[in-house]
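The next block holds one structure in the form of structure tokens; read it before the comments.
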Amino acid sequence: MLDSGFPSQTFSGVRFALVGFSSIDGNKLRSKLLGCGGIDVGQSTCTHLIVDKLVYDDPICVDARSSGKVVVTRSWVDHSFDVGMLIDEKSVLYRPLRDLNGIPGAKSLVVCLTGYQHQDREDIMMMVDLMGGQFSKPLVA
């Protein structure tokens with residue numbers, strides 16, 4: 001709910017389907033979407049296919065994209081909800097992964113972030129995590 005006392009309409013016009021979620025996670029995400037104006041319509045008539053544990057090249061994702069549907073992960077829903085408006089779904093942060101194990105060899109990647117704050121820092125941390133990398137403790141002067 002917004003400070004105005006009226007329910008947020010962040011997802012107004014979003015006709016969604018959820019695929020790959022556990023029943024608990026799916027129900028939580030569905031409630032968030034419905035509570036902000038989204039409509040749960042199923043895969044055949046959705047505008048947005050929201051996936052979990054599916055890769056970019058999964059036949060379900062390929063079929064949805066070829067039908068003109070937007071295919072995103074729950075991060076898109078969470079970030080859109082947090083800012084109160086739909087975020088650009090074309091960002092690499094919101095696409096299904098190419099490989100659920102990250103990028104081959106990235107497990108040895110160790111990143112230390114210095115000087116980044118707020119959303120920039122969170123975005124970089126998310127990208128490193130999606131690649132399969134790790135974070136070191138912050139450098140302290």
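Do any trypsin sites (Lys or Arg not before Pro) in the stretch 77-141 lie in a loop, going by DSSP, with at most 16 other beta-carbon atoms within 10 Å of their beta carbon, and if so which?
The qualifying sites are Lys90, Arg98.
Could you pull out the chymotrypsin sites (Phe, Trp or Tyr not before Pro) across the stretch 48-95 that fall in loop regions by DSSP (anything but H, G, I, E, B) with no more than 16 other Cβ atoms inside 10 Å?
Tyr56
On full extension of the chain, what length is gained from Thr114 through Val62, given 0.36 nm per residue of separation minus the C-alpha to C-alpha distance?
Result: 14.9 nm gained on full extension.
Give me a comma-separated list of calculated 3J(HN,Hα) values for the stretch 23-30, in order, Karplus coefficients 6.51, -1.76, 1.60 applied at θ = phi - 60°, integers in Hz, x for any Gly or Pro.
Running phi through 6.51 cos²θ - 1.76 cosθ + 1.60 with θ = phi - 60° gives 4, 5, 5, x, 5, 5, 5, 4 Hz.
Using θ = phi - 60° and the Karplus curve 6.51 cos²θ - 1.76 cosθ + 1.60, what whole-Hz ³J(HN,Hα) does each residue of the stretch 46-60 get, with Gly and Pro shown as x?
Couplings: 6, 9, 10, 9, 10, 10, 9, 6, 10, 8, 3, 8, 4, x, 5 Hz.
With unit charges on the beta carbons (Lys and Arg positive, Asp and Glu negative) and the dipole taken about the Cα centre of the chain, which residue among Ser44, Gln117, Val128 sits farthest to the positive side?
Ser44
Using a simple charge model, +1 on the beta-carbon of Lys and Arg, -1 on the beta-carbon of Asp and Glu, nothing else, what dipole does the stretch 1-73 show about its Cα centre, in debye to the nearest 20? Provide the component values of the computation, followed by the final result.
Details: 7 positive and 7 negative charges, 23 e Å.
With only Lys, Arg, Asp and Glu charged at Cβ, the dipole is about 120 debye.
Is there a quick way to get the dipole size of the chain? I mean about its Cα centre, with the Cβ of Lys and Arg at +1 and of Asp and Glu at -1; what is the value in debye to the nearest 20?
160 debye
Please compute, for the alpha-carbon atoms of the chain, the extent along each of the three principal axes and give them in descending order in Å.
For the chain, the Cα extents along the three principal axes come out at 50, 42, 26 Å.
Contour minus end-to-end for Ile124 and Ser31, with contour as 0.36 nm per residue of separation and end-to-end as the Cα-Cα distance?
Values: separation 93, 0.36 × 93 = 33.48 nm, distance 2.81 nm.
Length gained, Ile124 through Ser31: 30.7 nm.
At 7 Å along Cα-to-Cβ for each site, give me the label-to-label distance between Asp82 and Arg15 in nm.
Reported label-point gap for Asp82 and Arg15 is 3.0 nm.
FYI, it's all coordinate maths here, none of it is from the lab. Treat the numbers as computed from the prediction; the structure is a model and nothing was measured. When we count neighbours, we look across all protein chains shown, and the Cβ atoms used for this are built from the backbone with ideal geometry, even at glycine.
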